[in-house]
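Data first, discussion second: the structure below is written as structure tokens.
The values are calculated or read from the model by the stated rules, or taken from the named source; none is laboratory data. Please read all numbers here as calculations on a predicted model, not as lab measurements. Here the Cβ is made from the backbone with ideal geometry for all residues, glycine too, and neighbour counts use every protein chain on show. Ligands, DNA and RNA are excluded from the accessible area calculation, which covers all protein heavy atoms including side chains. Shrake-Rupley method; radii C 1.70, N 1.55, O 1.52, S 1.80 Å.
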Amino acid sequence: MAARGGEREPLDPVRQNQLLCERVRKERQCQRLHTQYNVNPLHRVHTITKKPMSWHDNIEEPADAKFMNLIHHAALEPTKKYSEPQTESQEIGWNTTPLIQMDRTDCRLYFPRRKTEITK
């Protein structure tokens, strides 16, 4: 045990080994090995333009179809990605189709901009 003066007794090799084994066991419980990496489809991807005069950037490489589909899906607006709103703020503008059809001949609901002598 520790002495009252703040000085500690040196640990014997058996106790040091116990502490090390306990630490390794705790680290292994929390450790995960990730071997498959993907692009997060919920975030928009910001692309960086290439340098036009560099030869190594202008080499055409075959595009992976699965990766390209994932990139295009991530760039879609939420109404095309999901069948229903995912958040409360998306519910406000989710249905954008008008409730009634617009009749441009009915002057009660249609107010087009008109030119007058003052606005000309």
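Using C-alpha pairs under 8 Å with a sequence gap of at least 6, the mean separation divided by the residue count of the chain gives a relative contact order of 14 percent. GNM on the chain, alpha-carbon springs under 10 angstrom: the most fluctuating residue among L19, L76, L42 is L19.
So what is the accessible area of the chain per residue, in Å², with the probe set to 1.4 Å? In whole numbers, the chain has 109 Å² accessible per residue.
Run the helix sum for the chain: -39,500 (n - 2.57) per DSSP H stretch of 4+ residues, divided by residue count, reported at 222 nm to the nearest 500 deg cm²/dmol. Intermediate values should be presented prior to the final figure.
Working: 4 runs with 37 residues, N = 120.
Calculated at 222 nm, the ellipticity per residue is -9000 deg cm²/dmol.
Approximating the spin labels as points 7 Å out from Cα along Cα→Cβ, the M68-to-C107 distance works out to 5.5 nm.
Rolling a 1.4 angstrom probe over the chain with all protein chains present gives an accessible area of which 54% lies on carbon and sulfur atoms.
Label positions at V39 and M53, each projected 7 Å from the Cα along the C-beta direction, are separated by 3.0 nm.
For C21 and L99 in one chain, what is 0.36 nm times their gap in residues minus the Cα-Cα distance, to one decimal in nm? Mind dumping the intermediate values first?
On the way: separation 78, 0.36 × 78 = 28.08 nm, distance 6.80 nm.
Extending this stretch completely gives an extra 21.3 nm.
The GNM of the chain, with springs linking C-alpha atoms under 10 angstrom apart, assigns the highest mean-square fluctuation among H46, H72, H56 to H56. Springs join every pair of Cα atoms under 10 Å in this Gaussian network model of the chain, and among E60, E84, E22 the largest mean-square fluctuation is at E22. Over region 48-112, the fraction of Cα-Cα pairs per 5 Å bin, rounded to whole percents and listed from the shortest bin up, is 3, 12, 11, 11, 11, 10, 11, 8, 9, 6, 5, 3, 1.
Given q = 0.18 Å⁻¹, what are the Debye log10 I(q)/I(0) values for the chain, with equal point scatterers placed on the Cα positions and solvent ignored? After summing over all Cα pairs, the log10 values are -1.16. Between the residues T87, I59, L99, the greatest Cα displacement towards the positive end of the dipole of region 22-120, with unit charges on the Cβ of Lys, Arg, Asp and Glu, is found for T87.
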